[in-house]
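The values are calculated or read from the model by the stated rules, or taken from the named source; none is laboratory data. All of these numbers come straight from a predicted model, not from anything done at the bench. Backbone-built Cβ (ideal geometry, glycine too); neighbour counts: all protein chains shown.
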Amino acid sequence: MTIPAHCRPAAYDFFRQQLPELESSDGLFRAAFAIALHERPEADLAEAEAIVENLTQTIRRRVQSRSRQAILAHMHDVLFDIFGLQGNTEDYYNPANSYLPDVLHTHVGIPISLVLIYKRVAEPLGVVVHGVNAPGHFLAEVEPVAGGDDRSMFVDPFFGGVILNENEVAERIEQASGRRLGPSSPRLSRATHRQWLGRILNNLLAAFAAKGHDREVCAMQELQGLL
């Protein structure tokens, strides 16, 4: 078994253990949680999972209809109005914004961590959520109900769960990336769970490099090597 030179061994081993289960939402959540263990060895996975499960159960108790619209209305009320999930606009590049235990306690983060919490809360309610791997931003795509006439909808948890159409998504990407999108530009590609983790690690690499934290840069590169 490889012993990491820079990453905390418990974080490295737990991250590696989740990779065979990565296609599941639980596996993705736990692998993302493992990344935080490098700097947050005291973080409690059971506590984090209890928080998201309590959010799911709160929404389930409120919902009287099984329609997607009803579930989403209550979900957004609980997540964004009551729990207060939102983007950290004041300290965007803080590595804590990428750490699930931190985001679940402070209720602020960057788009990719907020979308992951949104997905993990939504899917036990029967709402299928994908990460949208857009340049300069990360969004949630909510699948339409099977057999229904509605289309996929796009949600931006960073800005309080605002619902966007495809044109609004393009505008949001242009604002985030600072460049115009041409007709053939990739916009709404779904992130695989492996890509999702890779993007979290890339965000942390950039944040640590900007701070001159070389050991943490090397630690994140070791986790990338497992992907």
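From the residues in segment 171-205 that are at pLDDT 80 or above and among the small types (Gly, Ala, Ser), which one is surrounded by the fewest Cβ atoms within 10 Å (Cβ to Cβ)?
Within segment 171-205, the match that is surrounded by the fewest Cβ atoms within 10 Å (Cβ to Cβ) is Ser189.
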Checklist line | Enumeration of residues in segment 32-50 that are in a helix (DSSP H, G or I) and crowded, with 19+ Cβ neighbours inside 10 Å | finding: Ala32, Phe33, Ala34, Ile35, Ala36, Ala48
Next item on the list: Quick one: count up the residues across segment 58-89 that are in a helix (DSSP H, G or I) and surrounded by 13 or more Cβ atoms within 10 Å (Cβ to Cβ).
Entry: 16
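Taking segment 189-227 as the region of interest, how many residues are part of a loop (DSSP other than H, G, I, E, B) and within 19 Å of Leu28 (Cα to Cα)?
4
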Notebook entry, point to check: Among the residues of segment 90-120, how many are out of contact with any strand residue (DSSP E or B) (no Cβ under 6 Å at 6 or more places or on another chain), in contact (Cβ under 8 Å) with a residue 60 or more places away in the chain and either crowded, with 16+ Cβ neighbours inside 10 Å or β-branched (Val, Ile, Thr) (or both)?
Noted result: 13
Margin query: Exactly one of these conditions fails for Glu123: (1) touching a residue at least 24 places away in the same chain (Cβ under 8 Å); (2) crowded, with 20+ Cβ neighbours inside 10 Å. Give me its number.
Written below: (2)
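If I filter segment 1-25 down to residues being polar (S, T, N, Q) and part of a loop (DSSP other than H, G, I, E, B), which single residue comes out as surrounded by the most Cβ atoms within 10 Å (Cβ to Cβ)? Please lay out each step first, then the result.
Narrowing segment 1-25 to residues polar (S, T, N, Q): 2, 17-18, 24-25.
Among the residues that remain, those that are also part of a loop (DSSP other than H, G, I, E, B) are: 2, 24.
Values: Thr2: 11, Ser24: 13.
If we take residues in segment 1-25 being polar (S, T, N, Q) and part of a loop (DSSP other than H, G, I, E, B), then Ser24 is surrounded by the most Cβ atoms within 10 Å (Cβ to Cβ).
Which ones in segment 155-170 are among the charged types (D, E, K, R) and either modelled with pLDDT under 85 or part of a helix (DSSP H, G or I) (or both)? Break it down into steps so the answer makes sense when it comes.
Residues of segment 155-170 among the charged types (D, E, K, R): 156, 166, 168.
Once the filter is applied, which keeps residues that are among the charged types (D, E, K, R) and either modelled with pLDDT under 85 or part of a helix (DSSP H, G or I) (or both), segment 155-170 yields Glu166, Glu168.
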